[in-house]
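Below is one structure; the comments refer to it alone.
The values are calculated or read from the model by the stated rules, or taken from the named source; none is laboratory data. What you see is a predicted model; the values in this text were computed from it and never measured. Glycine also receives a Cβ, built like all others from the backbone with ideal geometry; neighbour counts cover every protein chain displayed. For accessibility, only protein heavy atoms count, side chains too; no ligands or nucleic acids. Shrake-Rupley method; radii C 1.70, N 1.55, O 1.52, S 1.80 Å.
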Amino acid sequence: AMAGGRRSGFAAAALLLLVFTAGCGAAPQGAEVTGLPGFDGALPSKHYAGYVTVDEKHGRNLFYYAVESERDPAKDPVVLWLNGGPGCSSFDGFVYEHGPFNFESGGSVKSLPKLHLNPYSWSKVSTMIYLDSPAGVGLSYSNNVSDYETGDLKTAADSHTFLLKWFQLYPEFLSNPFYIAGESYAGVYVPTLSHEVVKGLAPVFNSPSSVYKYSY
């Protein structure tokens, strides 16, 4: 399942939000990943990882791992990837499917796996955001255990909040085409999240000066 647009209307909404926030720098300090165990050499593009708080009161935090496009990160699409389950970490896609590495056994129980560059990685042509969602999946968590009983609508609302805040942290990607993609139960995650995005864009669409379009 996938949704997107050439000039993302979502980016327009995020840009409007940025007008009211202080600062418009690059990636947050400390977010860049400069090396990974089991991989020798320089990474083929910039990698970032961290948490975005989607609920301050509950301390609900979603973990992401972002891989810049190896081709032209200033112009290439930004893709949010969601694995299904429900309850499956998006690192499943990162590790086994279209992430930047192939994994080879280290040869013994206690040894680290060896990482090799994946020639078919989606990051060859797009910036990838691997999101662990909802809270309780993968490295995402909440300080309030009641959040671990959730549903599709809450998951979509949290992911929408994540996107708005992520683009505040990485405003350099606001003008890029943006897509939401996933597999399996993400056949629910993608359209419900897309619906939240469209709802948030309603004021932008209704503005006579709007030049953005969003399409499925």
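Of all residues in the range 92-143 being open to solvent by 50 Å² or more (accessible area, probe 1.4 Å) and among the hydroxyl-bearing types (Ser, Thr, Tyr), which is farthest from Ser69 (Cα to Cα)? Selected residue: Ser108.
Among the criteria (1) modelled with pLDDT of 95 or more; (2) part of a strand (DSSP E or B), the one Trp166 does not fulfil is (2).
If you go through the range 123-137 and pick out every residue that is assigned to a strand (DSSP E or B) and not aromatic (Phe, Trp, Tyr), you end up with 4. Restricting the first member to the range 25-50 and to residues that are of a type in the set (Phe, Trp, Tyr), and the second to residues that are outside any strand (DSSP E or B), the beta-carbon pairs closer than 7 Å and six or more apart or on different chains are Tyr48/Ala27; Tyr48/Ala31. Among the candidates Tyr185, Tyr189, the residue that is touching a strand residue (DSSP E or B) at 6+ places or on another chain (Cβ under 8 Å) and either surrounded by 14 or more Cβ atoms within 10 Å (Cβ to Cβ) or at pLDDT below 95 (or both) is uniquely Tyr189.
Taking the criterion of being open to solvent by 30 Å² or more (accessible area, probe 1.4 Å) and polar (S, T, N, Q), the residues of the range 27-61 that qualify are Gln29, Thr34, Thr53. Taking residues in the range 62-78 that are over 13 Å from Leu43 (Cβ atoms), and partners anywhere that are of a type in the set (A, V, I, L, M) and not in a strand (DSSP E or B), the pairs with Cβ atoms closer than 7 Å and at least 6 places apart or on different chains are Leu62/Ala135; Phe63/Leu139; Arg71/Val125; Asp76/Val125. Leu82 meets each of the listed conditions (1) buried (at least 18 other Cβ atoms within 10 Å of the Cβ); (2) farther than 13 Å from Thr155 by Cα; (3) hydrophobic (A, V, I, L, M, F, W, C) apart from (2).
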